[in-house]
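To start, the structure itself, in structure tokens.
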Amino acid sequence: MTTQSTIEKNQKLLLEKKASMRELVDAYLKTIQKYDGVLNSFITVNNEISLKKADLVDKLLSKNDKVSILSKLPLLGTVVSYKDLFLTKGIRTTAASKVLESFVPQYSATVVDKLENAGCINIGKTNCDAWAHGSSGENSDYGVTKNPWGVEYVPGGSSSGSAVSVSANMCTVSLGTDTCGSIRLPANYTYTYGLKPTYGAVSRYGVIAMASSLDCIGHFSKTAADIKKVFEITKGRDLKDATLDEKSYNKKLTNMVIGVPDEFFQNGLSDEVSLNIKKAISLFEKNGVKFNKINLPHTKYGISVYYIIQPAEVSSNLSRYDGIRYGKGRDAFSEEAKRRIMLGTYVLSSGYYDAYYLKAMKVRSVIIREIDQAFKSCDAIIAPVSTTPPFKLGEKISDPLKMYLTDIYAATANLAGIPSLAIPFGFTNDGMPLGFQIMGPRYSENLLFHLAENFEAYSNYTIKNPDIYNL
Amino acid sequence: MKKYNYVPVIGLEVHIELSTKRKMFCDCSSEHFQIKPNTNVCPICLGLPGALPYPNKEAVKKCIKFGISFNCMINKFSKFDRKHYFYPDLSKGYQISQYDIPFCEGGHWKSSVNSVFRIKRIHLEEDTGKIQHRKIGSEYFSLIDFNRSGVPLMELVTEPDFSNINDVLDFVKDVQLASRYLEVSNADMEKGSMRLEANISLRKEETGKRDQMKRLPDYKVELKNINSFRFLRSALEAEIKRQTDILKMGDKVIQETRGYNEKTHQTYSQRSKEEAKDYRYFPEPDIPPILHQSKEIDIIKTDIPEMPWMKRQRYKKDIGLKDEYTEIFLKDRKRSAYFEQILLLNKNSGLDLSYIADQIVNKNLDLKYQSPQKLLNALSVEKNKTYASSKEIKNAADSVLKENTKAIEDLKNGKIQILGYLIGSIQKKLNGKGNINEIRRYIENALMEN
Amino acid sequence: MIKIKHSEIVHLADLAQIKINKKEIQKLSLQLSKIVDYVSELNDVDTKNAVPTNQTTGLTNVTNDDLTSISLKQEDAVGQSKNIYQGFFKVPITIKNKII
């Protein structure tokens, strides 16, 4: 039984009684057992729990007909993994940090409950950069996660384990967070789809907060269809997150115009990435999608704005970890966490607030205004996610600023709160994955899904799997 | 030679726990008094990873109402901010409070002689958990209970306009009354639903010289942990004396935080590090801002009853009621409402209002007569009744007392029930027309003289 | 080039309740100075007419009604702590706002 699958394929197997849920889950567990020793994408694997839940699903399957079971469990057959920032009641949640090594949450995140109620089975908690602090997957207190396409390469971060678990077929879909590319970068680096929804579309309740005004709850999959299916369940208001809103996208989905930001294709972007996107653009153009040049002159300041606002909010959100009510004391924070806490404390401290935090909030407004203006002349914006293809482990880890600068293309979407879909496309000469992102106005996810599904046709997209059998 | 005196410059900070059902940012009950520790908590008020705040509509409404009643301006745009500091009873390592744009700003309170005292601001924040220190075995520990964490707290800050302790006491009593009138809080000092802090300094002024520049002194001492009105008075007196003595010697008063020791009647230093606390305030990203429109505020205004200080003025001026009766009615809203009914209905009976007030206060007639109209009727009847005259009472009493010398002896020896017998006998002689109280008084006087 | 002094690093660590040794003070001083110097490029941006953005949702007045729901059981509330005593969280005695 293969785990190289999609939600639809799994549902077909189950409903045609070609496999039971238990057999499916077992297949995923065996894949994890076999390959995760090398890849290190999981921190906790739910061996017994997932099988027990599978048995419950099988019971329901035997008692219900196809139509009624799909209406009860629209995500029937979906095996999901969660970045270890998502609180899962009764299942250890560590944030990939030693601080929460033994923390077993008393409640689950809204999104976890929603997905479980829709029929998903939680197979495990994935590795990530501790507290989501990182872009490579090298900052975990539980070891580095490897890229299944080439184990000397980083998988990208901070949702490293989530991307790898989907890419290496250890689960059907995975939930992650994107504060400045933390879903989109690992998606591009592992040849998977990664959605960063509109800020305020998906509840953050029960997800360990990194930067409150930037964090987005998103997910990984292998097809545009699956990305859409999961979003249908995760989106929507709850009475726990006060920043949620629901809106629909009402613009026409024909005669699309996609903007190409001039500033994003200048110095610093690797030729391989640049050429690859241009290939994608021609595929779109061949099929009638128009492109126009747009200017986003202030997006170059996005990194600076981000590296003031984010550490400030991080330093605040990590204040609750004092070791009294749960977890270990503040001495258990690793180097990167300490660095961000200190930086955040600095920019918020008396005497510096106006020069840094307040100034950053104002420049953020300028960037947002620019993006809003750009969307008047295009429906969506195409851009690279990373300046380079996947880099090797250890290449950037010793220079924090160098690492921070990799976030340059991702920052825009988080600062403006707009959605962005990372689409897998192309490979480097060394066989490492490439991709790009498409951003849309707030609440335009349907537009992004539409463009992605069309692009799958334009590019004759097929699911690609890393050759993990030779690990 | 110029003569100087030191005038107190006092500002107050009052914290009031709101009587909402739900806590400020979560669905836990805000009733936390005397229940088992950590049984009234949830991920939000316990500061668990991933929890998010969701503001209580009613708490905001109560704060606005309170601010309006103190003549505050309500900010059309307002927000919450994070205030950072580390303490074991602060579960998130920051308190969600309000920094630069509080709900209410710029109000005032008037004393009974119409002196105006300005209110700087009133804002909403969440309360912390509670710590108690205990010896367990041979070591000392702090035990933390988060039941109170997240309860809505209103903070009222005045300008340093107070220079007289009586005004301070009148003000805090009115704040307590207002809380009860508006039903925003029980404002109980003993239960901790009202907490006081005072900032005190002294300003040197030339005696007798009018219109001096009211500069603020260059220091202030913060008095904390005062848990009753009585202690507030003593603490202020003690601190004023302490500062006066220091300044008279030509020394400087150290700017610090002090507590009050009710046993020694002295304030003592709670000296913490002298650097100004850096709370690193920034706007709360998890809570959208709160906007208030003029229409809304006007509607809330109509919902505000007459405030105690307005009622006080009215009772004094329009009715000429004695101050002590006024305060008794003000303290009890139910009684006050009863008396207001009387005022309305009395237009027909025309009885003396002071007399009615006296009857209510001294005889609790408002408890006896549930209906104000019935009370008025009863009093009218009393008034119209013809009593036996004092002379008639004297004659009847003298004759009864003469006939009952043994009874009188028994009474003097402690048999109190004899008194009732004597009164009854005298009343019989008077054919029931005697005023019982007058009869009793006569007997008591007679006994004393004998 | 902006330089964050060692004494400032020590003060920040104190504010943030982070323990750091001499080596770390040195390292952080260099690293943070570099980062802060970089982000100071924002001074080049004209923000005269810009209103600070602290939330991108544009939402206002999001509140809940004054209704309660069930709280955690005591054993769940304190169960994740290693130091509890009769239902309380227990810490060594606090002095001057710091835990010893």
Notebook entry, point to check: Residues in region B:260-281: is at least one in contact with a Pro (Cβ under 6 Å, 6 or more places away or on another chain), over 23 Å from residue B:65 (Cβ atoms) and open to solvent by 40 Å² or more (accessible area, probe 1.4 Å)?
Noted result: no
Check: Any residue at all in region B:174-190 that is in a strand (DSSP E or B), not basic (Lys, Arg) and not assigned by TED's automatic domain parsing to the domain that holds residue B:314?
Finding: no
Notebook entry, point to check: Given (1) under 30 Å from residue B:142 (Cβ atoms); (2) surrounded by 13 or more Cβ atoms within 10 Å (Cβ to Cβ), where does residue C:64 come up short, assuming only one miss?
Noted result: (1)
Next item on the list: Count, please, the residues in region A:106-126 that happen to be under 22 Å from residue A:319 (Cβ atoms) and free of Cβ contacts under 8 Å to residues at least 60 places away in the same chain.
Entry: 1
Next item on the list: Among the residues of region A:350-364, write down those that are surrounded by 21 or more Cβ atoms within 10 Å (Cβ to Cβ), at the interface with chain C (Cβ under 8 Å from one of its Cβ atoms) and not charged (D, E, K, R).
Entry: A:356, A:360, A:361, A:363
Note to self: Could you tell me how many of the residues in region B:1-29 are out of contact with any Gly (no Cβ under 7 Å at 6 or more places or on another chain), open to solvent by less than 10 Å² (accessible area, probe 1.4 Å) and not hydrophobic (A, V, I, L, M, F, W, C)?
What the structure shows: 3
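Residues checked against (1) surrounded by fewer than 24 Cβ atoms within 10 Å (Cβ to Cβ); (2) within 10 Å of chain B (Cβ to nearest Cβ):
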{"residue": "A:186", "(1), (2)": "no, no"}
{"residue": "A:208", "(1), (2)": "no, yes"}
{"residue": "A:215", "(1), (2)": "no, yes"}
{"residue": "A:249", "(1), (2)": "yes, no"}
Notebook entry, point to check: Taking region A:340-399 only, how many residues are outside any loop (DSSP other than H, G, I, E, B), in contact with a helix residue (DSSP H, G or I) (Cβ under 9 Å, 6 or more places away or on another chain) and more than 22 Å from residue C:45 (Cα to Cα)?
Noted result: 8
Notebook entry, point to check: Going by the structure shown, is residue B:398 within 34 Å of the chain's Cα centre (by Cα) and either open to solvent by 30 Å² or more (accessible area, probe 1.4 Å) or not β-branched (Val, Ile, Thr) (or both)?
Noted result: no
Notebook entry, point to check: List pairs: first in region B:379-392 and basic (Lys, Arg), second modelled with pLDDT of 70 or more, Cβ under 8 Å, 6+ apart or cross-chain?
Noted result: B:383/B:351
Next item on the list: State whether the residues of region A:88-96 include one that is of a type outside the set (Ser, Thr, Tyr), under 14 Å from residue B:48 (Cβ atoms), in contact with a helix residue (DSSP H, G or I) (Cβ under 6 Å, 6 or more places away or on another chain) and part of a loop (DSSP other than H, G, I, E, B).
Entry: yes
Notebook entry, point to check: Which residues, taken from region A:299-333, are surrounded by fewer than 22 Cβ atoms within 10 Å (Cβ to Cβ), more than 7 Å from every other protein chain (Cβ to nearest Cβ) and within 25 Å of residue A:414 (Cα to Cα)?
Noted result: A:300
Next item on the list: Return the total of residues in region B:179-220 being free of Cβ contacts under 8 Å to residues at least 24 places away in the same chain and either under 30 Å from residue B:58 (Cα atoms) or within 28 Å of the chain's Cα centre (by Cα) (or both).
Entry: 1
Margin query: So for region C:15-22 (the condition being within 7 Å of another protein chain (Cβ to nearest Cβ), in a helix (DSSP H, G or I) and more than 29 Å from residue A:106 (Cα to Cα)), does at least one residue qualify?
Written below: yes
Item checked: Test set (1) farther than 30 Å from residue B:112 by Cα; (2) touching a strand residue (DSSP E or B) at 6+ places or on another chain (Cβ under 7 Å); (3) away from chain A (no Cβ under 14 Å); (4) of a type in the set (A, V, I, L, M) - residue B:226 fails condition number -> (1)
Next item on the list: Return the residue satisfying two criteria in turn: it lies in region A:78-114 and is more than 14 Å from chain C (Cβ to nearest Cβ) and surrounded by fewer than 24 Cβ atoms within 10 Å (Cβ to Cβ), and of such residues it is nearest to residue A:236 (Cα to Cα).
Entry: A:114
Check: In region B:41-65, what residues are facing chain C (nearest Cβ under 7 Å), open to solvent by 10 Å² or more (accessible area, probe 1.4 Å) and not in a helix (DSSP H, G or I)?
Finding: B:42, B:54
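From the list A:70, A:75, exactly one residue is more than 30 Å from residue A:151 (Cα to Cα), open to solvent by 20 Å² or more (accessible area, probe 1.4 Å) and away from every other protein chain (no Cβ under 14 Å). Which is it? I'd like the intermediate steps shown before the answer.
Working: A:75 fails: open to solvent by 20 Å² or more (accessible area, probe 1.4 Å).
On inspection, the qualifying residue turns out to be A:70.
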Next item on the list: Using the structure shown, decide if residue A:405 is outside any loop (DSSP other than H, G, I, E, B), more than 18 Å from the chain's Cα centre (by Cα) and either free of Cβ contacts under 8 Å to residues at least 40 places away in the same chain or within 12 Å of chain C (Cβ to nearest Cβ) (or both).
Entry: yes
Notebook entry, point to check: Taking region B:138-154 only, how many residues are closer than 22 Å to residue B:44 by Cβ, in contact with a Ser or Thr (Cβ under 8 Å, 6 or more places away or on another chain) and assigned to a strand (DSSP E or B)?
Noted result: 2
Next item on the list: Could you please find all residues in region B:431-450 being within 30 Å of residue B:381 (Cβ to Cβ), part of a loop (DSSP other than H, G, I, E, B) and either free of Cβ contacts under 8 Å to residues at least 40 places away in the same chain or open to solvent by 40 Å² or more (accessible area, probe 1.4 Å) (or both)?
Entry: B:431, B:432, B:433, B:435
Next item on the list: Go through region A:225-247 residue by residue and tally those that are more than 14 Å from chain C (Cβ to nearest Cβ), among the small types (Gly, Ala, Ser) and either under 17 Å from residue A:77 (Cα atoms) or surrounded by 22 or more Cβ atoms within 10 Å (Cβ to Cβ) (or both).
Entry: 1
Note to self: Let me spell it out: the conditions are (1) without any contact (Cβ under 8 Å) to a residue 60 or more places away in the chain; (2) open to solvent by 20 Å² or more (accessible area, probe 1.4 Å), and residue A:43 meets all of them except one. Which number is the exception?
What the structure shows: (1)
Next item on the list: Select from region A:151-163 the residues that are assigned to a loop (DSSP other than H, G, I, E, B) and open to solvent by 10 Å² or more (accessible area, probe 1.4 Å) and write down the one among them that is farthest from residue A:406 (Cα to Cα).
Entry: A:151
Notebook entry, point to check: Has region A:292-315 got at least one residue that is among the aliphatic types (A, V, I, L, M), within 25 Å of the chain's Cα centre (by Cα), farther than 30 Å from residue B:96 by Cα and in a helix (DSSP H, G or I)?
Noted result: no
Note to self: Can you name every one of the helices (runs of 4 or more DSSP H) wholly within region B:335-430 that holds 3 or more residues which are polar (S, T, N, Q) and over 30 Å from residue B:308 (Cα atoms)?
What the structure shows: B:390-403, B:417-429
Check: On the given criteria, is residue B:33 in a loop (DSSP other than H, G, I, E, B), surrounded by fewer than 22 Cβ atoms within 10 Å (Cβ to Cβ) and away from chain C (no Cβ under 14 Å)?
Finding: yes
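The values are calculated or read from the model by the stated rules, or taken from the named source; none is laboratory data. This is a predicted model, so every value here is computed, not measured. Cβ atoms come from the backbone with ideal geometry, glycine included; neighbour counts cover every protein chain shown. To get the accessible areas, we keep the full protein, side chains included, count just its heavy atoms, and leave off ligands, DNA and RNA. Shrake-Rupley method; radii C 1.70, N 1.55, O 1.52, S 1.80 Å.
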